[in-house]
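Notes follow the structure.
Nothing in this text is a laboratory measurement; each read-out follows from the coordinates by a stated rule. What you see is a predicted model; the values in this text were computed from it and never measured. Because the Cβ atoms are built from the backbone with ideal geometry, glycine has one as well, and the counts that use them run over all protein chains shown.
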Amino acid sequence: MRLDWRINRILLAAVLLLLGSAGARAEVLKPFILGDTPPGILNEVVEHVTSALKAQGFQIVGTYTPYPRATVICVTNAELKAAAANAKNGGFGVAQRVAVTVAKGKIQVAYVNPAYLGTAYGLGKLEGVSATLKAALGAVQDFGAATGIEEANLKPGVWRYAMFMPYFPDVDVLNEFKDYKTAVETVEKNLAAREAGTVKVYRIDLPGKEVSIFGVGLVEGAIDGPDKGDKDTDAEIMGVVDWQELRHTAFLPYELMVVGNKAVALRGRYRIALHFPDTKMAGAHGFTKIMSAPWGIQVALERVAGFKRELPASPIPLSQ
């Protein structure tokens, strides 16, 4: 009897140890969340999603169609603005992106996972944003990475796709100005003129700071235009890497941020890889098929920021 009691104690301790280890295990995060799809055709679903977001207190800051059968809705709220204002380069995450996409005849509603992007950009887990988005759009499943990325490995300065690839803090300085006012006016003027084939999706100003974030769509391309050799438009880039059943349309648009007298942007190689972490370097849908994309994104955003460089004969490889 005494021996049985000791064995039971040992088994109980082992079970508690296993449960404790499971509870302490780091959370694994994925880039996107699939929401519920309301009935109706594309435009009706877009209207329903927009209304649902507004009902949950989100401010609609911009909407655009990067290519046929896809609409991206960009929103923000007080929690996102506060988090962005308190993190280094946090403005890159001030807009939440929601997409309505027709894929193989079916409509998908999906959005960027706030916990994933918030962790990657140093904004925190954004639990309130996650809960509000779930209330507005539902949360059927996380997707975008087969096994996900552990929270500790996703943080700024920690995560990168591979050796020699950039980290979150490695931003591109697109141009410098005499002051913040001149910087913002230059970006606004060039977006209005659709410089480098771009389209303005939104502008968000962080209260009390000389920080403005612009959402920029790449519709026509800065290097050789759409449907040519270089992959420098939204449609060309996504046509290669966004091929699986659940679409990553909410990857778009790109951010250009004015901070004081500088215009900066995340490096395309970091931003693309962060949203497509399982993509292989080679293969039919690999990064080598869009080697010109990071360069094309940079050139387009530089032109929006008023800087025009002489283009090289060949693109800079994705891995450099």
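Give me the percent relative contact order of the chain, please, defined on Cα pairs under 8 angstrom at least 6 residues apart.
Relative contact order of the chain: 19 percent.
Got a sec? Charge dipole of the range 29-304, +1 on Cβ for Lys and Arg, -1 for Asp and Glu; which of Ile290, Ala110, Tyr202 is way out at the positive end?
Ala110
Taking 0.36 nm per residue of sequence separation and subtracting the Cα-Cα distance, how much length would be gained by fully extending the chain between Ala78 and Lys134, in nm to one decimal?
Stretched fully, the Ala78-Lys134 segment lengthens by 18.5 nm.
Using the structure shown, list the pairs from Lys54/Lys88; Lys81/Lys280; Lys104/Lys155; Lys104/Lys231 with a Cα-Cα distance above 32 Å, or answer none.
Details: Lys54/Lys88 28 Å; Lys81/Lys280 34 Å; Lys104/Lys155 35 Å; Lys104/Lys231 23 Å.
In this structure, Lys81/Lys280; Lys104/Lys155 exceed 32 Å between Cα atoms.
Enumerate the residues in the range 232-252 having an amide nitrogen under 12 Å from the point lying 7 Å beyond the Cα of Lys104 toward its Cβ.
243-247
Show me 175-188, 255-268 ranked by packing, highest mean number of other Cβ atoms within 10 Å first.
Going by the mean number of other Cβ atoms within 10 Å, highest first, we get 255-268, 175-188.
From the list (i) 31, 59, 11; (ii) 31, 55, 10, 3, 0; (iii) 34, 58, 7, can you say which value of P(r) over Cα pairs in 20 Å bins from 0, in percent was derived from the structure given?
Recomputing P(r) over Cα pairs in 20 Å bins from 0, in percent here picks out (ii).
Given springs between every Cα pair under 10 Å in a Gaussian network model of the chain, which of Trp159, Trp243, Trp295 has the largest fluctuation?
Looking only at Trp159, Trp243, Trp295, the largest GNM fluctuation is found for Trp243.
Express in nm, to one decimal, how much length is gained between Met163 and Gln56 on full extension, taking 0.36 nm for each residue of separation and deducting their alpha carbon distance.
My answer for the length gained is 34.4 nm.
Expressed in nm to one decimal, what extension gain is obtained for the pair Glu151 and Arg309 from 0.36 nm per residue of sequence separation less their Cα-Cα distance?
Fully extending the segment from Glu151 to Arg309 adds 53.1 nm.
How far is helix 127-137 tilted off the main Cα axis of the chain, in degrees rounded to 10, range 0 to 90?
Taking Cα atoms only, the helix is inclined about 80 degrees.
Per-residue ellipticity at 222 nm for the chain, helices alone: DSSP H runs ≥ 4 residues times -39500 (n - 2.57), over residue total, nearest 500 deg cm²/dmol?
-10000 deg cm²/dmol
Taking the Cα centre of the range 29-304 as origin, sum charge times position over the Cβ atoms of Lys and Arg (+1) and Asp and Glu (-1), and report the length of that vector in debye to the nearest 20.
With Lys and Arg at +1 and Asp and Glu at -1, about 200 debye.
Just grab the label-to-label distance for Leu42 and Thr63, each label 7 Å out from Cα along the Cβ direction, in nm (one decimal).
Going by the 7 Å Cα→Cβ label model, 1.3 nm.
Lys/Arg Cβ at +1, Asp/Glu Cβ at -1, dipole of the chain taken about the Cα centre: which of Val264, Gly91, Thr65 is farthest positive-ward?
Gly91
What is the distance in Å between the Cα centroid of the range 254-312 and that of the range 111-177?
So the two Cα centres are separated by 17 Å.
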